[in-house]
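*Asks:* This is the structure I want to talk about, given as structure tokens.
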Amino acid sequence: MTRKYFGTDGIRGPYGGPVVNEAFAERLGYAAAVRLGKKGRVLIGRDTRESGQALEAAVARGLQAGGAEPVSLGVAPTPAVARAVRMEHAALGVVITASHNAAADNGIKFFGPVGVKLTDAEELAIEQLLPVSVVTVPVALPVSDACAPYIAAAEKLLPPNALTGWRIVLDTANGASCGTSPVVLRALGAEVIGLGDAPDGSNINAGVGSEHPKLLAARVKATGARLGIAHDGDGDRCVLCDEMGGVLDGDEILTLLATQALARGALVNRTLVITVQSNLGVDAAIKAAGGRVHRTAVGDRYVTEGMLAQQATLGGESSGHIICSEISPTGDGLVAAIKVIEIMRATGKPLSVLRQALKKFPQLTAALTVREKLPLEKLPNLSAACVALEEELGQQGRVLVRYSGTEPKLRLLVEGPTSVRVQVGLDRLSAAARADLDVI
């Protein structure tokens, strides 16, 4: 059976819509508690969206009705919640967030007892237990602090005052990391120039954050900063900017971390785990450095599952989810940035030089908003276009077509030997998709 509500990163959608609302959140909390066997503490964190408090309260009511013991962590980055679940041996973690989406959206995602996201099977089990309705009563939520221990642990990743003399531009997307990442960097001695650091409930990801790095790049150049760091709304992504204003995505960060670790003999199992979305240049760079790449489906929880299967400790996505599992059980934007800074300090090289570890293959992507996600195998024009393009590219490129797991979008990706061939290929796929689907 397939899941109806859960996507690649929890449940997500417009707040007040048919799914992301208080009544559904109550039912979901109840089903999750029943799935746990009606016992155990459940830690709930949220990002800075105005709708977060109402959804947190609703989930808590459902959890309590199902026999669980909900605890509020307040506003906290996703990696802080995951860490708290693991360290406190909680039965479950819940994060109320829509990640990089606009403020009008919100969502709910779960973490298991060891701080990793639930599997497809576990999410399906929760869906199958969803009641038609549930009787709840108000909850006086006890409050716990996940941010202070998260900050303390992050500060220990570098020596005291390691960033004295460093100027860093930090974009926290008006999100959950506003109260954590700048605190850590300043405690380590850095001069932090903040962007997206004034959340008001409605400005999360609004022209700032990992999805909108142009302002970050401009500010880095204007201030002479050594680097720029951008998170998304819940703090589990990292996008960087070098001192020249060049933006580094997740593929570049992962390649840098992996090749440097390989050079030191420190990449566990000599393996980097990435998704099918990542550039083919990553494979080439890791192979040249003496390592290997393992690819998974898109979604950082699939990366985590792949890391466990491959006994690897480094993995992530091109979007900026970077998982250093020896430190954090899930994607952690702050940890990823600190790991790169650690390499900068050790080598004495600027980020503009270190990023040259990855030579990307020409790649273009497109995202088409669709009214209905029809099965891909039932799209004759798009299927034929994919087959033809894959035959033409052969071993010199690849084609990836998939639906977003969190938005009503069809995502297209083409890689190839030249930019011209890639653009022509993407145009062909887009035209074929429009012939088969109702594209908005």
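*Asks:* Take segment 321-344 and flag every residue that is more than 16 Å from Thr296 (Cα to Cα) and of a type in the set (A, V, I, L, M, F, W, C).
*Replies:* Restricting attention to segment 321-344, the residues satisfying the condition of being more than 16 Å from Thr296 (Cα to Cα) are 324-329, 332-344.
Answer for segment 321-344, where residues must be more than 16 Å from Thr296 (Cα to Cα) and of a type in the set (A, V, I, L, M, F, W, C): Cys324, Ile327, Leu334, Val335, Ala336, Ala337, Ile338, Val340, Ile341, Ile343, Met344.
*Asks:* Kindly evaluate Val370 against the criterion of being surrounded by fewer than 18 Cβ atoms within 10 Å (Cβ to Cβ) and out of contact with any helix residue (DSSP H, G or I) (no Cβ under 6 Å at 6 or more places or on another chain).
*Replies:* Details: surrounded by fewer than 18 Cβ atoms within 10 Å (Cβ to Cβ): no; out of contact with any helix residue (DSSP H, G or I) (no Cβ under 6 Å at 6 or more places or on another chain): yes.
No.
*Asks:* Just to be sure before I move on: is Ala68 within 28 Å of Ala153 (Cα to Cα), of a type in the set (A, V, I, L, M, F, W, C) and either surrounded by fewer than 24 Cβ atoms within 10 Å (Cβ to Cβ) or not assigned by TED's automatic domain parsing to the domain that holds Asn174 (or both) in the structure I sent?
*Replies:* Working: within 28 Å of Ala153 (Cα to Cα): no; of a type in the set (A, V, I, L, M, F, W, C): yes; either surrounded by fewer than 24 Cβ atoms within 10 Å (Cβ to Cβ) or not assigned by TED's automatic domain parsing to the domain that holds Asn174 (or both): yes.
Taking the combined requirement at face value, the residue does not satisfy it.
*Asks:* In addition: Among all residue pairs at least 6 apart or on different chains, which show Cβ distances below 6 Å where the first residue, located in segment 181-201, is of a type in the set (Asp, Glu) and the second is in a loop (DSSP other than H, G, I, E, B)?
*Replies:* Partner pairs satisfying both residue conditions: Asp197/Thr172.
*Asks:* Among the residues of segment 98-139, how many are farther than 25 Å from Pro77 by Cβ and aliphatic (A, V, I, L, M)? Walk me through it before giving the result.
*Replies:* Of segment 98-139, the ones farther than 25 Å from Pro77 by Cβ are 121, 124-125, 127-138.
The next check asks that each one be aliphatic (A, V, I, L, M); those that pass are 121, 124-125, 129-130, 132, 134-135, 137.
Residues that pass the stated criteria total 9.
*Asks:* In segment 406-430, how many residues are in contact (Cβ under 8 Å) with a residue 24 or more places away in the chain and part of a helix (DSSP H, G or I)?
*Replies:* First, pick out the residues of segment 406-430 that are in contact (Cβ under 8 Å) with a residue 24 or more places away in the chain: 406-419, 421-423, 425-426, 428-430.
Cutting the leftovers down to part of a helix (DSSP H, G or I) gives us 419, 421-423, 425-426, 428-430.
Counting residues in segment 406-430 that are in contact (Cβ under 8 Å) with a residue 24 or more places away in the chain and part of a helix (DSSP H, G or I) gives 9.
*Asks:* With the requirement that a residue be closer than 26 Å to Gln64 by Cβ, surrounded by fewer than 17 Cβ atoms within 10 Å (Cβ to Cβ) and touching a residue at least 40 places away in the same chain (Cβ under 8 Å), what does segment 148-166 give you?
*Replies:* Taking segment 148-166 as the starting set, the residues that turn out to be closer than 26 Å to Gln64 by Cβ are 148-150.
From what's left, surrounded by fewer than 17 Cβ atoms within 10 Å (Cβ to Cβ): 148-149.
Residue satisfying the conditions is Pro149 alone.
*Asks:* A further question on this structure: Assuming Thr164 fulfils every condition listed in (1) closer than 29 Å to Val303 by Cβ; (2) assigned to a loop (DSSP other than H, G, I, E, B); (3) among the β-branched types (Val, Ile, Thr) apart from one, which condition is it?
*Replies:* Just one mismatch for Thr164, condition (1).
*Asks:* A follow-up question, please. Are any of the residues in segment 71-90 farther than 25 Å from Arg237 by Cα and not β-branched (Val, Ile, Thr)?
*Replies:* Looking for residues that are farther than 25 Å from Arg237 by Cα and not β-branched (Val, Ile, Thr), one finds none in segment 71-90, hence no.
*Asks:* May I pose another question? So which residues in segment 85-118 are touching a helix residue (DSSP H, G or I) at 6+ places or on another chain (Cβ under 7 Å), touching a residue at least 60 places away in the same chain (Cβ under 8 Å) and within 19 Å of Gly299 (Cα to Cα)?
*Replies:* Val94, Val95, Thr97, Asn106, Ile108, Phe110, Phe111, Val114, Gly115, Val116, Lys117, listed by residue number.
*Asks:* Please go through segment 8-51 and give me each residue that is β-branched (Val, Ile, Thr) and part of a helix (DSSP H, G or I), ordered by number.
*Replies:* Going through segment 8-51, the residues β-branched (Val, Ile, Thr) turn out to be 8, 11, 19-20, 34, 42, 44, 48.
Val34 - this is the single residue of segment 8-51 that is β-branched (Val, Ile, Thr) and part of a helix (DSSP H, G or I).
*Asks:* In addition: Being of a type in the set (S, T, N, Q) and either over 22 Å from Val282 (Cα atoms) or in contact with a Gly (Cβ under 9 Å, 6 or more places away or on another chain) (or both) is the filter here; which residues of segment 326-379 pass it?
*Replies:* The initial filter retains those residues of segment 326-379 that are of a type in the set (S, T, N, Q), namely 328, 330, 347, 352, 356, 363, 365, 369.
Within segment 326-379, Ser328, Thr330, Ser352, Gln363, Thr369 meet the criteria.
*Asks:* Further, regarding this structure: Answer yes or no as to whether Ala82 is more than 20 Å from Glu22 (Cα to Cα), crowded, with 24+ Cβ neighbours inside 10 Å, in contact with a Ser or Thr (Cβ under 8 Å, 6 or more places away or on another chain) and touching a residue at least 24 places away in the same chain (Cβ under 8 Å).
*Replies:* Working: more than 20 Å from Glu22 (Cα to Cα): yes; crowded, with 24+ Cβ neighbours inside 10 Å: yes; in contact with a Ser or Thr (Cβ under 8 Å, 6 or more places away or on another chain): yes; touching a residue at least 24 places away in the same chain (Cβ under 8 Å): yes.
Answer is yes for this residue.
*Asks:* List the residue pairs whose Cβ atoms are under 6 Å apart, where the first residue sits in segment 128-147 and is farther than 23 Å from Met1 by Cα, the second is assigned to a loop (DSSP other than H, G, I, E, B) and of a type outside the set (A, V, I, L, M), and the two are 6 or more positions apart or on different chains.
*Replies:* Pairs that qualify, where the first residue is farther than 23 Å from Met1 by Cα and the partner is assigned to a loop (DSSP other than H, G, I, E, B) and of a type outside the set (A, V, I, L, M), are Cys147/Thr180.
*Asks:* Now for a different question. For segment 1-24: of the residues being of a type in the set (Gly, Ala, Ser) and over 17 Å from Glu122 (Cα atoms), which is farthest from the chain's Cα centre (by Cα)?
*Replies:* Among residues in segment 1-24 that are of a type in the set (Gly, Ala, Ser) and over 17 Å from Glu122 (Cα atoms), the one farthest from the chain's Cα centre (by Cα) is Ala23.
Condition check ((1) touching a strand residue (DSSP E or B) at 6+ places or on another chain (Cβ under 8 Å); (2) of a type in the set (A, V, I, L, M); (3) not assigned by TED's automatic domain parsing to the domain that holds Met307) across all residues:
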residue: Val116; (1), (2), (3): no, yes, yes
residue: Asp120; (1), (2), (3): no, no, yes
residue: Gly209; (1), (2), (3): yes, no, yes
residue: Pro213; (1), (2), (3): yes, no, yes
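The values are calculated or read from the model by the stated rules, or taken from the named source; none is laboratory data. Please read these numbers as outputs of a predicted model, since none were measured by experiment. In this analysis, Cβ positions are derived from the backbone assuming ideal geometry, glycine residues included, and neighbour counts consider all displayed protein chains.
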